[in-house]
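Down below is the structure, laid out as structure tokens.
Here, each number is a calculation from the coordinates, and none is a lab measurement. Keep in mind it's a predicted model, so treat the numbers as computed, not measured. Note that we place each Cβ from the backbone using ideal geometry, even for glycine, and neighbour counts take in every protein chain shown.
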Amino acid sequence: MNNKISRRNTFNSGSKINDQPVICLLPKLSGIGGMVSFQEKLSEGLVRRGIKVHYTLDEADLDSILVIGGTRNLHQLRQAKRRGIRVIQRLDGMNWIHRVMRTGLRHWLRSEYGNINLWLIRNHLADKIVYQSNFSKDWWEKVRGRTPKPSVIIHNGVDLTKFKPRETHTKFENEIHLLLVEGSLLGGYEFGLQNAVYFARELANQINNNSQVELAVVGKVSADIRESWQNWLNENSRDGKVRIKWMGVVDHAKISEVYQGADLLFSADINAACPNAVIESVASGTPVISFDTGALAELVGDQGGLVVPYGGNEWKVDQPDIKSLVAGAILILQNLAAYRKSARERAEIAFDLDLMVDRYIEVLLG
């Protein structure tokens, strides 16, 4: 263990010998969402290992630059590359919902600009690409073609000491607690909330008549959408077997408790490249149920829960097979203790945050 990168205090990088390495994480992110969480975790990990972190290209003595997705600072990035500074790009997926659903002109233009920006960096400025999943890499190569740039797959990681199961998980006999965690359920992603509500209602129909299903929703949801779904439930669930708990945006320091209290996480995002909620959930011992789209099967594996066939063309946002989802959920609930144990094991094998940071250091300073 002594020779692991994470245990080192000094590095040899380029012409620097035993000097403190300097990494630029670009751009500086704020707010909520997976990219913000990733930057915070990576930055903390780098600093703990004796690496200096910057968020602008003004630093003269940079060892390398990690572009998290894209940046508007293309001119400065090009200048840095000409100075011999290595440019690494971390790539998620592409914006696509706006092409199949009406999300407004402003959202459409912003989405298209984002795709072009990502492509320009990938094809013309990056020296190496870090894809968040095999799905992400295959998607980019299919749509935008292969690039001679070397690439590597690094899944997101999670702090296994913060996200962990409770010592005992209380499964109430007549209650099922579903969880939906998304940074935002706006801009076309309301479809995921629709599937979650239909899923909860159908699950309530299939289980014991005395049982209730609670759907806890974490993320940004507009007031009119909340009201719309509450009205829908009042009309379609008059027996009171389904209730929605609108939690809004939950502080990241408290979100682990939310995962711990759930029986199942429903990952609603369609064709997601590497959703943090899935990784945090399995680390908390909460199995995942989802449709088999994007990187979900890749992340969940054989231990983290179940993925089921979508039942249509997800790229056209067809209505999915909710009954298949319910059948998978019932199977997990009938074997919940075993699934909780195997979900945690999946996280320990695949999503240790220290291993993720080590792999990024190998790419940035190797």
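Laid out as a table, the results:
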read-out: Answer label for Rg and Dmax of the Cα atoms in Å (calculated), chosen among (1) 25.8, 87; (2) 21.5, 71; (3) 19.9, 72; value: (2)
read-out: Using alpha-carbon coordinates, inclination of helix 336-350 to the longest axis of the chain, degrees; value: 10
read-out: Inter-site label distance for ALA327 and ALA60 at 7 Å from Cα along Cβ, in nm; value: 6.7
read-out: Cα gyration tensor, segment 272-366 - rounded (a/c under 1.5), prolate or oblate; value: oblate
read-out: Assigned charges on the beta-carbon of Lys, Arg, Asp, Glu; the chain dipole about Cα centre (debye); value: 1220
read-out: Segment 269-325: Rg to Rh, with Rh as the Kirkwood radius over Cα pairs; value: 0.97
read-out: Order of VAL288, VAL87 - criterion: other Cβ atoms within 10 Å of each residue's Cβ, fewest first; value: VAL87, VAL288
read-out: DSSP-defined beta bridges in the chain - what % are antiparallel, rounded to 5; value: 5
read-out: Degrees, to the nearest 10: 105-120 long Cα axis against longest axis of the chain; value: 40
read-out: Farthest toward positive dipole pole in the chain [+1 Lys/Arg, -1 Asp/Glu at C-beta], among GLY93, TRP108, LEU77; value: LEU77
read-out: Segment 190-230 and segment 287-347: distance between their alpha carbon centers, rounded to Å; value: 17
read-out: Sequence of TYR55, TYR310 once ranked by neighbouring C-beta atoms within 10 Å, starting from the fewest; value: TYR55, TYR310
read-out: Value at 222 nm in deg cm²/dmol, rounded to 500, when DSSP H runs of n ≥ 4 in the chain each add -39,500 (n - 2.57); value: -12000 deg cm²/dmol
read-out: Residues LEU193, LEU233 arranged by fewest to most Cβ contacts within 10 Å; value: LEU233, LEU193
read-out: Radius of gyration and maximum dimension Dmax of segment 175-350, Cα, Å; value: 14.9, 45
read-out: Listed residue pairs exceeding 31 Å between alpha carbons, taken from LYS81/LYS137; LYS41/LYS341; LYS316/LYS341; LYS41/LYS316; LYS164/LYS316; value: LYS316/LYS341; LYS41/LYS316; LYS164/LYS316
read-out: Most fluctuating residue given options LEU336, LEU62, LEU109, as computed from a GNM of the chain linking Cα atoms under 10 Å; value: LEU109
read-out: Degrees, to the nearest 10: 190-206 long Cα axis against longest axis of the chain; value: 40
